[in-house]
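Q: What follows is a single structure, and I will ask about it in a moment.
The values are calculated or read from the model by the stated rules, or taken from the named source; none is laboratory data. Because the structure is a prediction, the values reported are computed rather than measured. Note that each Cβ is placed from the backbone with ideal geometry, even for glycine, and that neighbours are counted across all protein chains shown. Keep in mind that these areas ignore ligands, DNA and RNA; they rest on the heavy atoms of the full protein, side chains included. Shrake-Rupley method; radii C 1.70, N 1.55, O 1.52, S 1.80 Å.
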Amino acid sequence: GEGAVVGPDTVIFAGAYVGEGTVIGKGCILYPNSVVMGGLTLGDNVILQPGAVLGGDGYGYAQTPVGHMKIPQIGTVVIEDDVEIGSNTAIDRAALDTTRIRRGTKIDNLVQIGHNVEIGEHCLIIGQTGIGGSTVVGNGVVLAGQTGVPDNVKIGDGAMVAAQSGILGNVEPGTKMAGSPAIPAKGYFK
């Protein structure tokens, strides 16, 4: 797109899209059919697997007596250095501010990250996990496959959540959770 900036040694495969005003760092790889909408920022050494979509509208609607009114999503997405994003993963544009994925985080295929979410450094977000809007995920967190995280919660540094768990509220740092609804893993497996 117009005004986009692409750093040195970045490879953009056929069918990938880079929107207007987007800034992409050095040494990135955008595989076929990945999408980076306008006004986003990608750091260095970012990998987008085929079909990843960054910066689509967040899921924002106001209920009115005559139906659902779309709320404009005018924020951005920032992907820091050394992040990998799996195939067919969607990371929504923030409503007003920034959806941010911090350095070194690895995101698997088929993950949904809602608007205004902040994910810390060196996290592992595994396939089919869904993270609701405005949630804050700390550093070094592991969310195993099919974990469901609602909007507006905080998951502390180093927390681990087992596959198919349903988080209902905040998770303290270093906690291991399992089940739906999720409880401390020791009690769940007992």
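Q: Filter the stretch 17-38 down to residues that are over 14 Å from residue 85 (Cα atoms) and of a type in the set (A, V, I, L, M, F, W, C) and give me whichever is surrounded by the fewest Cβ atoms within 10 Å (Cβ to Cβ).
A: First, pick out the residues of the stretch 17-38 that are over 14 Å from residue 85 (Cα atoms): 17-27, 37-38.
From what's left, of a type in the set (A, V, I, L, M, F, W, C): 18, 23-24, 37.
Numbers: 18: 22, 23: 17, 24: 23, 37: 20.
Among them, the one singled out is 23.
Q: Something else: Give the residue, chosen from 156, 169, that is modelled with pLDDT of 95 or more, surrounded by fewer than 16 Cβ atoms within 10 Å (Cβ to Cβ) and either within 21 Å of the chain's Cα centre (by Cα) or more than 18 Å from residue 105 (Cβ to Cβ) (or both). Full working, then the answer.
A: Values: 156 fails: surrounded by fewer than 16 Cβ atoms within 10 Å (Cβ to Cβ).
So the residue among 156, 169 that is modelled with pLDDT of 95 or more, surrounded by fewer than 16 Cβ atoms within 10 Å (Cβ to Cβ) and either within 21 Å of the chain's Cα centre (by Cα) or more than 18 Å from residue 105 (Cβ to Cβ) (or both) is 169.
Q: On to the next question. Tell me which residues, restricted to the stretch 83-117, are open to solvent by less than 60 Å² (accessible area, probe 1.4 Å) and of a type in the set (S, T, N, Q).
A: 87, 89, 98, 99, 105, 116
Q: Could you go through the stretch 175-183 and let me know if any residue there is open to solvent by 50 Å² or more (accessible area, probe 1.4 Å) and within 29 Å of residue 62 (Cβ to Cβ). If you could, list the steps in order and put the result at the bottom.
A: Residues of the stretch 175-183 that are open to solvent by 50 Å² or more (accessible area, probe 1.4 Å), as a first pass: 176, 180-181, 183.
This time we only want the ones that are within 29 Å of residue 62 (Cβ to Cβ), so: 181.
Looking through the stretch 175-183, at least one residue is open to solvent by 50 Å² or more (accessible area, probe 1.4 Å) and within 29 Å of residue 62 (Cβ to Cβ).
Q: Here is a follow-up. Can you tell me which residue in the stretch 39-65 is nearest to residue 109 (Cα to Cα), limited to those that are without any contact (Cβ under 8 Å) to a residue 12 or more places away in the chain and either crowded, with 19+ Cβ neighbours inside 10 Å or polar (S, T, N, Q) (or both)? Step through it out loud before you land on a result.
A: Of all residues in the stretch 39-65, those without any contact (Cβ under 8 Å) to a residue 12 or more places away in the chain come to 61-65.
Add one more test, that the residue is either crowded, with 19+ Cβ neighbours inside 10 Å or polar (S, T, N, Q) (or both), and what stays is 63-64.
Details: 63: 32, 64: 35 Å.
Selected residue: 63.
Q: Cβ-Cβ below 8 Å, separation at least six or inter-chain, first residue in the stretch 174-190 and among the charged types (D, E, K, R), second open to solvent by less than 70 Å² (accessible area, probe 1.4 Å): which pairs?
A: Partner pairs satisfying both residue conditions: 176/159; 176/161; 176/162; 176/185.
Q: If only one of 162, 144 is surrounded by 15 or more Cβ atoms within 10 Å (Cβ to Cβ), over 17 Å from the mean Cα position of the chain (by Cα) and among the hydrophobic types (A, V, I, L, M, F, W, C), which one is it?
A: Working: 144 fails: over 17 Å from the mean Cα position of the chain (by Cα).
None of the other options fit; the residue is 162.
Q: Please specify each residue of the stretch 1-23 satisfying the condition of being out of contact with any Ser or Thr (no Cβ under 6 Å at 6 or more places or on another chain), outside any loop (DSSP other than H, G, I, E, B) and among the aliphatic types (A, V, I, L, M). Let's see the steps before the verdict.
A: So the first thing to find is which residues in the stretch 1-23 are out of contact with any Ser or Thr (no Cβ under 6 Å at 6 or more places or on another chain), and the list is 1-3, 5-15, 17-22.
Filter once more, keeping what is outside any loop (DSSP other than H, G, I, E, B): 5-6, 11-12, 17-18.
Within the stretch 1-23, 5, 6, 11, 12, 18 qualify.
Q: Return yes or no: is residue 120 buried (at least 20 other Cβ atoms within 10 Å of the Cβ), without any contact (Cβ under 8 Å) to a residue 40 or more places away in the chain and small (Gly, Ala, Ser)? Spell out how you get there, then give the answer.
A: Numbers: buried (at least 20 other Cβ atoms within 10 Å of the Cβ): yes; without any contact (Cβ under 8 Å) to a residue 40 or more places away in the chain: yes; small (Gly, Ala, Ser): yes.
So residue 120 fits the description; yes.
Q: Can you spot a residue in the stretch 67-75 that is closer than 19 Å to residue 119 by Cα, β-branched (Val, Ile, Thr), touching a residue at least 24 places away in the same chain (Cβ under 8 Å) and touching a strand residue (DSSP E or B) at 6+ places or on another chain (Cβ under 9 Å)?
A: Taking every residue of the stretch 67-75 in turn, none turns out to be closer than 19 Å to residue 119 by Cα, β-branched (Val, Ile, Thr), touching a residue at least 24 places away in the same chain (Cβ under 8 Å) and touching a strand residue (DSSP E or B) at 6+ places or on another chain (Cβ under 9 Å).
Q: Please enumerate the residues belonging to the stretch 123-141 that are under 16 Å from residue 169 (Cα atoms), open to solvent by 30 Å² or more (accessible area, probe 1.4 Å) and of a type outside the set (Ser, Thr, Tyr).
A: Scanning the stretch 123-141 gives a single hit, 136.
Q: Shifting gears a bit: Would you confirm whether or not the stretch 41-61 contains a residue that is assigned to a strand (DSSP E or B), of a type in the set (Gly, Ala, Ser) and modelled with pLDDT of 95 or more?
A: In the first step, residues of the stretch 41-61 are kept if they are assigned to a strand (DSSP E or B); the result is 41-42, 47-48, 53-56, 61.
If we keep only those that are of a type in the set (Gly, Ala, Ser) too, we end up with 55-56.
With modelled with pLDDT of 95 or more added as a condition, the list becomes 55-56.
Yes, some residue in the stretch 41-61 is assigned to a strand (DSSP E or B), of a type in the set (Gly, Ala, Ser) and modelled with pLDDT of 95 or more.
Q: With the checklist (1) under 15 Å from the mean Cα position of the chain (by Cα); (2) over 30 Å from residue 71 (Cβ atoms) in hand, flag the one item residue 132 doesn't pass.
A: (2)
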